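See structure below.
No value in this document is a laboratory result; all are computed from the given coordinates. If you're wondering where the values come from, they're calculated on a predicted model, not measured in any experiment. Ideal geometry is used to build each Cβ from the backbone, glycine not excepted, and the neighbour counts take in all protein chains shown.
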């Protein structure tokens, strides 16, 4: 939003002229003790401010913002008199409220592939709304949530004849239609080796906000994943988003899994979304464990108040999900049947991520996450357990090195920010709780505490980025760190 600060400039000029006419009193010793408003409104404001250019500018903003917030965008004031008494100053201001301003239209520029009407449907403002700073802030927040465009500059207000209506001009930069994400890592043991992931995103297909993703990943030797996804905005009750996905997990020595799923989410408030997720999958375990299928339904919520998605300084992000599932074993002739043919299970996830500025360029990132699986099966199959290890959960370890029924993970990550990225160190810790069988066949609870640490750097802008990190754990030799590299680039 662009404000006219001519009032503050005029007050500053008046201050200079007034103080220069008072040679016996230093300017910095004078204070404003009262302000008299006349004109469209009459008021006396008691205050105690230094008689400086900064203080006068703040005084002008305090007076005018009360009317800007009510839609009187062209409110203005001018100085009639300045009266000095001792070391105090009284100001007399002539106030003009001006007309109530309404939004005439949203004008979208810079769009070549995207239909402007599609953008307008994402914005909670329209013709006839009172033009206020809060409306413009809501508009900017709504635009920041559109995944295929960004604002090139702050919104600009252009009045129409009569000054009772104004257009809000939004200048956009469309994101590239294709985004390539890639990453790799190396762990110097037989189970690790070279690991990688490659994601190709198709953004804003056909100009209607549709998106598609093709993702391939090698998480460890003998463990690979392939994922196809499609999503598009849906306007049933406001702005919603529908996504569909298909995925395979080929863990050669453990299981093969095929799944189909979809979700629908809405945004009932600023920085908040809620959604429903449905999923079906079929799993063929290795060995003599029977195959099974699982049907799940879940609810998820997210609250996001991060100030900068590329290089945050302040903010909080909360994520929560709860899922109910029904899992049924098939009657395989050559498999050992479990004690029960089916199980009702629940899963839950809570994640809190917090960015806090320490001083200057120093920022701390904290994250705490809890994931849990509640099941009556004594030893659930590996494909149902919570897998922990590697980037995103516990750096300094192999991808998915540990399996658990309950996992509590935490991260402390100090950062030093600069213009195009940041340097960071990290300390990750995890508490893992699982049921295991001892050699005698008795069930017991296994509790593990693990921690990893390391350092790295990230370079990012709106179209490309690279992140490199080295991670260790107490059992990993210093000359054999976990190396992780991630690349992102628009095509």
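Post the alpha-carbon centroid distance, segment 40-78 to segment 197-275, in whole angstrom.
Value for the Cα centre distance between the two parts: 50 Å.
What distance in nm separates the two pseudo spin-label positions at residue 443 and residue 29, each 7 Å out from Cα along the beta-carbon direction?
It works out to 8.4 nm between the two label points.
If I stretch the segment between residue 42 and residue 376 completely, what's the gain in nm (0.36 nm per residue apart, minus their alpha carbon distance), one decimal?
Result: 112.9 nm gained on full extension.
Using a Förster distance of 51 Å, how high is the FRET efficiency between residue 425 and residue 288, based on the Cβ-Cβ distance and rounded to 0.05?
So the FRET efficiency works out to roughly 0.65.
Only residues of segment 255-275 count here: report those whose backbone N is under 15 Å from the spot 7 Å along Cα→Cβ of residue 242, or say none.
Of the residues in segment 255-275, 261-266 have backbone N under 15 Å from the label point off residue 242.
How do the peptides 160-173, 89-102 rank, highest first, by the average count of neighbouring beta carbon atoms within 10 Å per residue?
89-102, 160-173
For a label point 7 Å from the Cα of residue 173 along Cα→C-beta, name the residues of segment 459-491 whose backbone N is under 18 Å from it.
459-466, 488-491
Quick one: helix 133-144 against the long Cα principal axis of the chain, what's the angle to the nearest 10°, folded into 0 to 90?
30 degrees
Of 397, 457, how do they rank once you tally other Cβ atoms within 10 Å and put the fewest first?
457, 397
I want the antiparallel fraction of DSSP beta bridges within the chain, as a percent rounded to 5.
Percentage antiparallel, nearest 5: 95.
Can you say what percent of the DSSP beta bridges in segment 48-175, counting only those with both residues inside, are antiparallel? Round to 5.
Percentage antiparallel, nearest 5: 70.
Let me know the shape class of segment 33-73, please: from the alpha-carbon gyration tensor, a ≥ b ≥ c as square roots of the eigenvalues, rounded when a/c is under 1.5, otherwise prolate if a/b is greater than b/c, or oblate.
oblate
Rounded to the nearest 500, what is the chain's calculated 222 nm mean residue ellipticity when only DSSP H runs of at least 4 contribute -39500 (n - 2.57) each, over all residues?
Values: 4 runs with 50 residues, N = 491.
Calculated mean residue ellipticity at 222 nm is -3000 deg cm²/dmol.
Could you work out how much longer the chain between residue 362 and residue 342 gets when fully extended? Use 0.36 nm per residue separation minus the Cα distance between them, nm to one decimal.
Values: separation 20, 0.36 × 20 = 7.20 nm, distance 5.20 nm.
Contour length minus Cα-Cα distance gives 2.0 nm.
Can you give the extra length, in nm with one decimal, that the chain gains between residue 478 and residue 53 once fully stretched, where that is 0.36 nm per residue apart less the Cα-Cα distance?
Details: separation 425, 0.36 × 425 = 153.00 nm, distance 5.78 nm.
Stretched out fully, the residue 478 to residue 53 stretch lengthens by 147.2 nm.
With every atom except the alpha carbons ignored, what do you get for Rg and Dmax of the chain, in angstroms?
30.0, 105
After finding the eigenvalues of the alpha carbon gyration tensor for segment 434-491, what semi-axes result from the square roots of 5 times each, listed largest first in whole Å?
Values: eigenvalues 297, 54, 16 Å².
Semi-axes, largest first: 39, 16, 9 Å.
Rounded if a/c is under 1.5, else prolate if a/b is larger than b/c, else oblate: which is segment 84-220, with a ≥ b ≥ c the root eigenvalues of its Cα gyration tensor?
Cα axes put segment 84-220 in the oblate bin.
Pairing the Cα long axis of helix 53-68 with the longest principal axis of the chain, what angle in degrees results, from 0 to 90 and rounded to the nearest 10?
On a 0 to 90 degree scale, this one is about 80.
How much FRET efficiency would the formula 1/(1 + (r/R0)^6) give for residue 202 and residue 436, where r is the Cβ-Cβ distance and R0 is 51 Å, rounded to 0.05?
Efficiency computed from Cβ-Cβ geometry: 0.70.
Pull out a ≥ b ≥ c, the square roots of the eigenvalues of the alpha-carbon gyration tensor of segment 246-400, then state rounded if a/c is under 1.5, prolate if not and a/b is larger than b/c, and oblate in the remaining case.
prolate
Please compute the modelled spin-label separation between residue 490 and residue 107, points set 7 Å along Cα→Cβ, answer in nm with one decimal.
2.4 nm
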